[in-house]
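Notes for the one structure printed next.
The values are calculated or read from the model by the stated rules, or taken from the named source; none is laboratory data. Predicted, not measured: the structure shown is a model, and the values here were computed from it. Using ideal geometry, Cβ is built from the backbone for each residue, glycine included, and neighbour counts are taken over all protein chains shown. These accessible areas exclude ligands, DNA and RNA; they are computed on the full protein's heavy atoms, side chains included. Shrake-Rupley method; radii C 1.70, N 1.55, O 1.52, S 1.80 Å.
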Amino acid sequence: MSHVFPASLQAPRSRLSSNGPELSRIVAGMWRIGEWNMSAQQRLAFIEQCLALGVSSFDHADIYGDYSAEGLFGEALALQPGLRDKMELVSKCGIKLLSPHRPGHAIQHYDTSAAHITSSVEHTLRQLQTDRLDLLLIHRPDPLMDFDEIAGAFTQLKAAGKVLHFGVSNFSRHQFECLHRRFPLVTNQVEFSPLHVTPLFDETFDGLQDVGVAPMIWSPLAGGRLFQGGDANVENLRNVIKQIADELQRPFASVVFAWIMQLPCRPLPLTGTGRIEAVGVAVEGTQFALSRSDWFAILRAARGHEVA
């Protein structure tokens, strides 16, 4: 059954930290933009529809779409350059993929050297056809990362006005705090969903809440696994969420987004879709809260056991 959104549906805005940027509470993830098979004009229309829903923050990474996703977005943005000032652009760097587009890469690896961070930003700015990033993230922890060197690169990029704010992605609490002591980070983008609840129990969310930094959440719908397939546990979880959704007369995915956003660390979930209806379902998750008993019913089903 299709769900009708009120014309007034708008994502609220949320500050990542006391000195961080304000983003839309729902962030449009662009990692699959190359799979949407849209013309530049259709991509522009999708961006405009997101903005109309109050979804003004767009999440990228240099490697998305085998190094092509940022260029596809930039091509659309170039059709309407005035939109740049109505949005926040987020990107990531630090992974080197094996790719025909990067013939110099002999092995897939991480690179968080100052030189690589700086050259990645220059390339991202060219691809997105903009003069600045609102937020740059280190994509994954690198065993060879030198916290002082990364902080130095961030300081120079900020001074040059090329990147306004900085954060990390997939960092442990300890890794986050090591870099945060050297340079103020505004987010840690991590995987979290009812099928991946680890950050609730490994200090990731507690540590961020403690320092007043909001996480960004990738794969909030577990890559679609919440909707189909899976073992008996996943089936049970799906039924619990569906029952709550039916009682509240809300879409299934809206309940999942609301469940995530109820955490006191104030997470900002990403979408991964090129369907504006699905973005709207995510935004609807900002419009209501679950009762504590419903929230814990989802957690219990997610973990397969009662809280002790």
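Okay, here's what the table says:
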{"item": "Of residues in segment 148-188 being of a type in the set (Ser, Thr, Tyr) and without any contact (Cβ under 8 Å) to a residue 60 or more places away in the chain, the one surrounded by the fewest Cβ atoms within 10 Å (Cβ to Cβ)", "result": "155"}
{"item": "Residue that is nearest to residue 90 (Cα to Cα), among those in segment 100-117 that are in a helix (DSSP H, G or I) and open to solvent by less than 50 Å² (accessible area, probe 1.4 Å)", "result": "117"}
{"item": "Any hit, segment 236-249, residues being free of Cβ contacts under 8 Å to residues at least 40 places away in the same chain and within 20 Å of the chain's Cα centre (by Cα)", "result": "no"}
{"item": "Hey, residue 33 touching a Leu at 6+ places or on another chain (Cβ under 8 Å) and either within 18 Å of residue 134 (Cβ to Cβ) or surrounded by 13 or more Cβ atoms within 10 Å (Cβ to Cβ) (or both) or not", "result": "yes"}
{"item": "Residue count for segment 189-203, restricted to those that are without any contact (Cβ under 8 Å) to a residue 24 or more places away in the chain and either closer than 14 Å to residue 268 by Cβ or hydroxyl-bearing (Ser, Thr, Tyr) (or both)", "result": "2"}
{"item": "Test: residue in segment 233-244 that is part of a loop (DSSP other than H, G, I, E, B) and either in contact with a strand residue (DSSP E or B) (Cβ under 6 Å, 6 or more places away or on another chain) or closer than 19 Å to residue 191 by Cα (or both)", "result": "no"}
{"item": "Any hit, segment 242-254, residues being buried (at least 19 other Cβ atoms within 10 Å of the Cβ), modelled with pLDDT of 95 or more and over 20 Å from residue 24 (Cβ atoms)", "result": "yes"}
{"item": "Selection status of residue 280, crowded, with 16+ Cβ neighbours inside 10 Å and in a loop (DSSP other than H, G, I, E, B)", "result": "no"}
{"item": "Qualifying residue in segment 287-300 (condition: closer than 27 Å to residue 32 by Cα, part of a loop (DSSP other than H, G, I, E, B), open to solvent by 30 Å² or more (accessible area, probe 1.4 Å) and out of contact with any strand residue (DSSP E or B) (no Cβ under 8 Å at 6 or more places or on another chain))", "result": "yes"}
{"item": "Residue match in segment 8-30 (condition: of a type outside the set (S, T, N, Q), open to solvent by 90 Å² or more (accessible area, probe 1.4 Å) and more than 25 Å from residue 139 (Cα to Cα))", "result": "no"}
